[in-house]
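Trainee: Supplied in structure tokens, the structure appears directly below.
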């Protein structure tokens, strides 16, 4: 859908309350107005906003862990690898497994 050229423009009018509702929903989904409206009119089930927030948080945590793992690998490649790095790496993996496990337990398949 995102690759389709969008050359049709329509003016739509809202009262204050309608606009507020649309914008609150768009913000809750981390979408701008246009993306939210296109998403809302498609037959796609609307995302669970709580789940979306947890996914974004989980992505952020994974990125931080990835940065730490990269530092450990860089130390290993330069011959600076220590046993404490192995312990840190195992702790990062345990933390990652706990976070993903908690997410899957809460949201399931």
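What follows draws every value from the coordinates through simple rules; no lab data is involved. Given the structure is predicted, the values throughout are model-derived calculations rather than measurements. So basically every Cβ, Gly included, is an ideal-geometry build from the backbone, and we count neighbours across all protein chains shown.
Trainee: May I ask for the Kirkwood hydrodynamic radius of the chain, worked out over all distinct Cα pairs and given in angstroms to one decimal?
Mentor: Computed over Cα pairs of the chain, the Kirkwood hydrodynamic radius comes out at 17.8 Å.
Trainee: Residue 50 label point, 7 Å along Cα→Cβ, cut-off 11 Å on backbone N: hits in segment 94-108?
Mentor: Label zone hits: 106-107.
Trainee: So what's the angle, to the nearest 10 degrees on a 0 to 90 scale, between helix 16-28 and the longest Cα principal axis of the chain?
Mentor: On a 0 to 90 degree scale, this one is about 20.
Trainee: Rounded to the nearest 500, what is the chain's calculated 222 nm mean residue ellipticity when only DSSP H runs of at least 4 contribute -39500 (n - 2.57) each, over all residues? If you can, show how the numbers build up before the last one.
Mentor: Working: 4 runs with 76 residues, N = 109.
Estimated from H runs of four or more residues: -24000 deg cm²/dmol.
Trainee: Set the Förster distance to 25 Å, then compute FRET efficiency between residue 107 and residue 12 from the Cβ-Cβ distance, nearest 0.05.
Mentor: Here the calculated transfer efficiency is 0.15.
Trainee: Further question on the same structure: For labels at residue 35 and residue 76 in the simple 7 Å Cα→Cβ model, what's the distance in nm?
Mentor: Those two pseudo-labels are separated by 3.5 nm.
Trainee: Angle, helix 83-107 long axis vs. longest principal axis of the chain, Cα atoms, 0 to 90°, nearest 10?
Mentor: Roughly 30 degrees, rounded to the nearest 10.
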